[in-house]
Amino acid sequence: MVPDQKQVRQIFHETYNVFYKKWTNPDTGYDTDAMMQEVYALDRKYDCQLCRDILAGLVESIDQEMVRRAVC
């Protein structure tokens, strides 16, 4: 599927404003299984390469943030 403008806006909103902000919030904690369940749900919901690419980058960023927090 190639997302239209409305879908692109929704993908960016849900992947950044909902998913990324939730998992980078120190109060949320770090539950890899729960986080990946959300990744799979978003991937199924949007089923497009744009969403997969964004999620892959965000998961990598979240993982690096968690490592940085553990070291500090």
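The values are calculated or read from the model by the stated rules, or taken from the named source; none is laboratory data. Bear in mind that the values here come from a model prediction, so they are computed numbers and not experimental data. Counting neighbours? That spans all protein chains shown, and the Cβs are built from the backbone with ideal geometry, glycine included. The protein model used for the area step is the full one, side chains on, heavy atoms only, and it has no ligands, DNA or RNA in it. Shrake-Rupley method; radii C 1.70, N 1.55, O 1.52, S 1.80 Å.
A few points about this structure:
- Residue ID - farthest from the chain's Cα centre (by Cα), chosen from residues in region 20-72 that are farther than 22 Å from residue 8 by Cβ and not in a helix (DSSP H, G or I): 72
Listed here are the residues, each with its yes/no results for (1) at pLDDT 95 or above; (2) open to solvent by less than 50 Å² (accessible area, probe 1.4 Å).
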residue	(1), (2)
6	yes, no
11	yes, yes
31	no, no
37	yes, no
42	yes, yes
47	yes, no
53	yes, no
59	yes, yes
